[in-house]
Amino acid sequence: MTARFSAQKFFERLRMLGDDGDREVAVFDEIDSTSSELRRRLQAGAQSGLTAVAHRQTGGRGRLGRTWHSPLEGNLCFSVVLKIAGPIDETIPLLPLAAGLAAHEALTEAGAQPYLKWPNDVLVHHRKLAGILCEAVDLTKQGAWAVVGIGVNIAQRPFPPEISQTAIALNAMLEKDADMSRLAARFLFSLENWNRRIGDGERTAVVDAWRKAAEPFGRRVKVGEVTGKTVDLAPDGRLIIQDDEGQDLRIAGGIVESLDLF
Ligand code: BTN
């Protein structure tokens, strides 16, 4: 059985990475959603760095109103409050990419060989290992705040039928069970590092690093009603797709479905 998330191990790992560990981590046996909880706490005045982890979620949320299945223990459900630095029109679109990069780094360190699908699905063998939900919550004169949540499939067990053909678990590709406290610490450390770099104006670095971590361009995809092939990532973080009429389109949101047969 995969070991539970341990706040002590999480802080130990953060300190080894060079973080001062000056943050609160709220750990729940069960909650509706770690991201919903942080949104509530943010409205009540929470600060950047506040982190929530749940062993089980009863209302896990995915992108675009989808459900994230997390009713059983053994998977990572983790969210953090971030203060978004820099001019928000430019930095907010890059945050989902930065979160994808952080997940890519953490899961690579854990022993997987993942790649990113725009904007931040983490895949292995065309199956989803981790999903990320980035929500800009509070855009006030005092600054912009986001809640970034990640769910990682860690434990090996049958998935619900609707995702059984599209999901994959981390432990299925490792020789020993993954350490989810260490994984969470590395994700957080990398995410805050990328967020800082975006705020410092290193926006090209995020786009370049994302391209390297992503699946190759040239894939046939469908986004909403548009079908075409992926071409590149634009400097502002949008996905460039050439549609079937040969026109280049820049995609800012939506689900990118793969049409290639593997
Ligand atoms: C997606 O792939 O659509 C995003 C899934 C994000 C799931 C995580 S689990 C922790 C946090 N709490 C939630 O309710 N959602 C995110």
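Some observations on this one:
- Scope the range 107-134; condition farther than 25 Å from Ala146 by Cα, within 15 Å of the ligand (Cβ to nearest atom) and out of contact with any Ser or Thr (no Cβ under 9 Å at 6 or more places or on another chain); matching residues: Val124
- Residue within the range 209-219 that is surrounded by 13 or more Cβ atoms within 10 Å (Cβ to Cβ) and without any contact (Cβ under 8 Å) to a residue 12 or more places away in the chain present: no
- Members of the range 111-141 that are β-branched (Val, Ile, Thr), surrounded by fewer than 21 Cβ atoms within 10 Å (Cβ to Cβ) and either more than 18 Å from Ala178 (Cα to Cα) or at pLDDT below 95 (or both): Val137, Thr140
- Pairs, first of a type outside the set (Ser, Thr, Tyr) in the range 234-251, second assigned to a loop (DSSP other than H, G, I, E, B) and surrounded by 13 or more Cβ atoms within 10 Å (Cβ to Cβ), C-beta under 6 Å, six or more apart: Leu239/Trp118; Ile240/Ala234; Arg250/Ala234; Arg250/Arg238; Ile251/Arg238
- Residue among Ala172, Ala167, Ala184, Ala144 that alone is modelled with pLDDT of 90 or more and more than 18 Å from the chain's Cα centre (by Cα): Ala172
- Lone qualifier among Val53, Val147, Val137, Val81 - being more than 8 Å from the ligand (Cβ to nearest atom), hydrophobic (A, V, I, L, M, F, W, C) and over 21 Å from Gly199 (Cα atoms): Val53
The values are calculated or read from the model by the stated rules, or taken from the named source; none is laboratory data. Treat the numbers as computed from the prediction; the structure is a model and nothing was measured. We place every Cβ from the backbone using ideal geometry, glycine too, and count neighbours over all the protein chains shown.
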